[in-house]
Amino acid sequence: MKTITEYRPMVFSLLAAQSDEQARRRRQLGVELLAVAGYGVLGLWLSFDTGFAPWQWQFWLMFAPLFTAGELAWRTFIY
């Protein structure tokens, strides 16, 4: 039977790993929220500049390439 002293390094290494994972997830969430806000601002600007509302297909014809380019750049630089 192992004592608490023998289990202590395993427990603290697991706690440290969980803490690192939570911090990484928190940073990732912040970056993703920033990207969503950026797309929202870009979409609003495009809508006001062109006069097309987001429910019109012409808006998506202009916004889709920008969105696709942003997502491809995001995946290229992050991963």
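List of remarks:
- Filter result (assigned to a helix (DSSP H, G or I) and either of a type in the set (S, T, Y) or exposed (fewer than 10 other Cβ atoms within 10 Å of the Cβ) (or both)) within the stretch 49-64: D49, T50, W57
- Being open to solvent by 50 Å² or more (accessible area, probe 1.4 Å), free of Cβ contacts under 8 Å to residues at least 12 places away in the same chain and part of a helix (DSSP H, G or I) is a property that W45 has.
The values are calculated or read from the model by the stated rules, or taken from the named source; none is laboratory data. What you are looking at is a predicted structure, and each value in this text was computed from that prediction instead of being measured. Because the Cβ atoms are built from the backbone with ideal geometry, glycine has one as well, and the counts that use them run over all protein chains shown. Heavy atoms of the whole protein, side chains included, go into the accessibility calculation; ligands, DNA and RNA do not. Shrake-Rupley method; radii C 1.70, N 1.55, O 1.52, S 1.80 Å.
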